[in-house]
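Have a look at the structure below before the remarks.
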Amino acid sequence: MKIRIIDLLKTTTYNINVSVNGWVRTHRQSKNISFIAINDGSTVHNLQIVAEHEKIKKDFLKLVTTGSAIRVDGMFVLSTGNQQHGEIIAQNIVLYGTADPQEYPLQKKEHSLDFLRNIAHLRMRTNIFGAIFRVRHNLAFAIHKYFHEKGFFYFNTPIITTSDAEGAGKLFEVTTGDNQDFFGVPANLTVSGQLEGELGALGLGAIYTFGPTFRAENSNTYRHLAEFWMVEPEMAFIDINDNMDLAEDFLKYVIRYAIETCESDLIFLNNTVNSGLIERLHSVVNNKFVRLPYSQAIEILKQSNREFEIPILQGMDLNSEHERFLVEEYFCCPIIVTNYPKEIKAFYMKLNEDDKTVRAMDILFPQIGEIIGGSERESDYLKLRQRMEELGMNMKQLWWYLETRKFGTVPHAGFGLGFERLVLFVTGMSNIRDVIPFPRTPKNANF
Ligand code: ATP
Ligand code: MG
Ligand code: MG
Ligand code: MG
C-alpha cells in the first residue's frame with residue numbers, strides 16, 4: 001500500500017506492509033544497521049527507516065545520502081525504542097535520485113533564513129519551509145471556505161488594467177517587446193482589484209477577490225513585496241460598522257482554522273522560530289479587537305513620550321513603528337483605527353458629516369502593523385464627483401465607476417487583506433520574503 005507519511009503516522013495499525021516515498025533528511029549508519037529519516041512534504045514529522053545490512057546492502061546504502069529521493073517498501077512497526085512511534089523495517093529501497101554530499105547545500109540541520117532565501121528552489125525541502133507553505137495553503141483554503149459559507153461569490157478582477165486604483169502603489173506598466181500599443185491605452189498590472197470588485201458587489205450583493213497584486217514598492221521592508229496576494233471582499237447594503245464586524249470575524253475564523261488544522265506545523269514554528277507564537281494566535285482569536293478613531297490614536301502616540309523615527313503630527317499617515325507601538329505596547333491586542341483624515345485616504349472613501357474625516361478602517365496586528373485596510377465607499381454621486389474634482393482626477397477614465405453611483409446606488413463597503421501579512425502573522429516569521437514561495441522585491445526576481 002502506497003501511503004503518505006502524515007497518514008501513516010496517524011494509524012495505529014502496525015505490522016502492515018507499506019510503500020513510502022520521500023527525501024532523505026539524515027542517514028546514520030552503525031555496524032549492522034542504518035537509520036534513515038525521510039520526509040515526503042506531507043508533514044513536519046520525519047519517518048524513521050530501519051535498514052538492516054543483511055537485507056539492504058551496505059554498498060547500496062552509501063548512495064542513500066542526505067537529500068536523495070527514495071521509495072521504501074517494508075513493514076510499519078511500533079518502534080522498540082523508548083519513544084512510542086511507528087517506523088519502517090525496510091525490505092527494499094528504490095533510489096530515485098542521488099544527491100552528492102559535496103554539492104547538496106542542505107547538509108546541516110540548521111541554516112540561516114538568509115542562506116535559504118538564496119536557494120529558494122530547494123528551501124521547500126526544509127522542515128521550516130514545509131511548515132510555512134502548508135500553513136499558507138490551509139489559510140488560503142480557509143479564506144475560500146469562510147466566504148463561500150457566508151454566501152459571497154468568488155469574483156475575478158483583471159490583472160492587466162487601466163486603473164491605478166487611487167494610486168495605492170507604484171505601477172508596473174505592461175508593454176509588448178516591440179513596444180506596440182497593444183491595448184490602445186496605457187495598461188498596467190493591478191495594484192488592487194477594489195474598484196472592479198465594487199462593480200461585482202453592486203450586482204451580485206457580496207463578492208470577494210483573491211488574486212495577485214503588483215506594486216513597485218521601492219524599499220526593502222519586512223512587510224512589502226512587489227508581487228503579493230490580496231483578498232478583497234466587497235458588500236452592498238452594509239456600512240462601516242458591519243464592515244468592521246465582518247473583518248474581525250473573518251480574521252478570527254481563518255486563524256482558528258489554522259490553529260485547528262496545522263497543529264504540528266505551528267508547534268514546530270513555535271519551538272524553532274517564534275516562541276510566543278501559539279499563545280499570540282489564541283489571544284487574537286479570543287479577544288475583542290479595540291476600535292478607536294484616528295485622532296485618539298495620534299493623541300496616544302503623542303503622549304507616549306516615545307522617540308519615533310518619524311515624529312507624530314495630527315494628520316500624518318501612520319507607519320509600522322507607530323502601528324506596532326499602539327498594538328504591541330499600548331493596547332496589547334489587535335486594534336481597528338477608524339475615521340482617518342480624508343487627505344491621507346483614497347478618494348472613494350465615504351465622507352463623515354464633519355467633512356474632514358472618512359469612514360476608513362485599518363486593522364493593526366501585533367508583529368505586523370497594518371494587515372487590513374478598508375472603508376465604506378462614497379455612494380453619493382455628487383459627493384464622489386466633487387471629491388474627484390478636488391483631487392484633479394481624470395473623470396473620463398473612471399466614467400464606469402461614477403455610473404454605478406448614478407444608477408441604483410446603495411451603501412456598500414469592503415476591505416483588502418494582504419494575504420502574505422496574514423501568513424506572516426500566523427507562522428510567526430519576521431520577513432515577508434519567507435512566507436511566499438518565490439518573493440519579488442527590488443533587485444530580486446531570480447526564481
Ligand atoms: P502599507 O501602509 O503597509 O504600505 P497600504 O496602506 O499601502 O500598506 P493598502 O493599499 O491599504 O496598503 O492595501 C491593502 C492591504 O494590502 C494592506 O493592508 C496590506 O495588508 C496589503 N499590502 C499592501 N501593500 C503590500 C505589499 N507591498 N506587500 C504585501 N502586502 C501589502
Ligand atoms: Mg503602501
Ligand atoms: Mg497603510
Ligand atoms: Mg492601507
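Does THR272 satisfy being in contact with a strand residue (DSSP E or B) (Cβ under 8 Å, 6 or more places away or on another chain) and either acidic (Asp, Glu) or away from ligand 3 (no atom under 13 Å from the Cβ) (or both)? Give the derivation first.
On the way: in contact with a strand residue (DSSP E or B) (Cβ under 8 Å, 6 or more places away or on another chain): no; either acidic (Asp, Glu) or away from ligand 3 (no atom under 13 Å from the Cβ) (or both): yes.
Criteria not met by THR272.
Looking at region 318-345, I want the residues that are closer than 23 Å to GLU378 by Cα and have a partner that is charged (D, E, K, R) and buried (at least 21 other Cβ atoms within 10 Å of the Cβ) with Cβ atoms under 6 Å, at least 6 apart or on another chain. Which pairs are those?
Sorted first by the residue in region 318-345, then by its partner, the pairs are VAL337/ASP362.
If I go through region 230-246 residue by residue, how many of them are within 21 Å of PHE210 (Cβ to Cβ) and touching a strand residue (DSSP E or B) at 6+ places or on another chain (Cβ under 6 Å)?
Within region 230-246, residues that are within 21 Å of PHE210 (Cβ to Cβ) and touching a strand residue (DSSP E or B) at 6+ places or on another chain (Cβ under 6 Å) number 10.
Taking only pairs six or more apart or across chains, which ones have beta-carbon atoms under 8 Å, a first residue in region 235-253 that is under 16 Å from PHE152 (Cα atoms) and in a helix (DSSP H, G or I), and a second residue that is charged (D, E, K, R) and at pLDDT 95 or above?
The qualifying pairs are ASN243/GLU376.
Can you tell me which residues in region 8-33 are in contact (Cβ under 8 Å) with a residue 12 or more places away in the chain and within 31 Å of the chain's Cα centre (by Cα)?
Within region 8-33, LEU8, LEU9, VAL20, ASN21, GLY22, TRP23, VAL24, ARG25, THR26 qualify.
For region 160-206, how many residues are within 14 Å of GLN397 (Cα to Cα), modelled with pLDDT of 90 or more and of a type in the set (A, V, I, L, M, F, W, C)?
Matching residues across region 160-206 total 2.
Here's a check for you: in region 308-341, which residue that is within 28 Å of the chain's Cα centre (by Cα) and assigned to a strand (DSSP E or B) is surrounded by the fewest Cβ atoms within 10 Å (Cβ to Cβ)?
Among those that are within 28 Å of the chain's Cα centre (by Cα) and assigned to a strand (DSSP E or B), it is ILE336.
Would you check which residues across region 29-66 are among the polar types (S, T, N, Q), in contact with a helix residue (DSSP H, G or I) (Cβ under 6 Å, 6 or more places away or on another chain) and not in a loop (DSSP other than H, G, I, E, B) and list them? Full working, then the answer.
Quick first cut of region 29-66, residues among the polar types (S, T, N, Q) only: 29-30, 32, 34, 39, 42-43, 46, 48, 65-66.
Restricting the remaining residues to those that are in contact with a helix residue (DSSP H, G or I) (Cβ under 6 Å, 6 or more places away or on another chain) gives 34, 42-43.
Residue satisfying the conditions is SER34 alone.
Taking only region 191-208 into account, find how many residues are within 16 Å of ligand 4 (Cβ to nearest atom) and not in a helix (DSSP H, G or I). Break it down into steps so the answer makes sense when it comes.
From region 191-208, those within 16 Å of ligand 4 (Cβ to nearest atom) are 191-195, 197; that's our starting set.
Now drop any that are not not in a helix (DSSP H, G or I), which leaves 191-193.
Selection size over region 191-208: 3.
The values are calculated or read from the model by the stated rules, or taken from the named source; none is laboratory data. Quick caveat, the model's predicted, so the values are computed rather than measured. Positions of Cβ are generated from backbone atoms using ideal geometry, with glycine treated the same way; all protein chains shown enter the neighbour counts.
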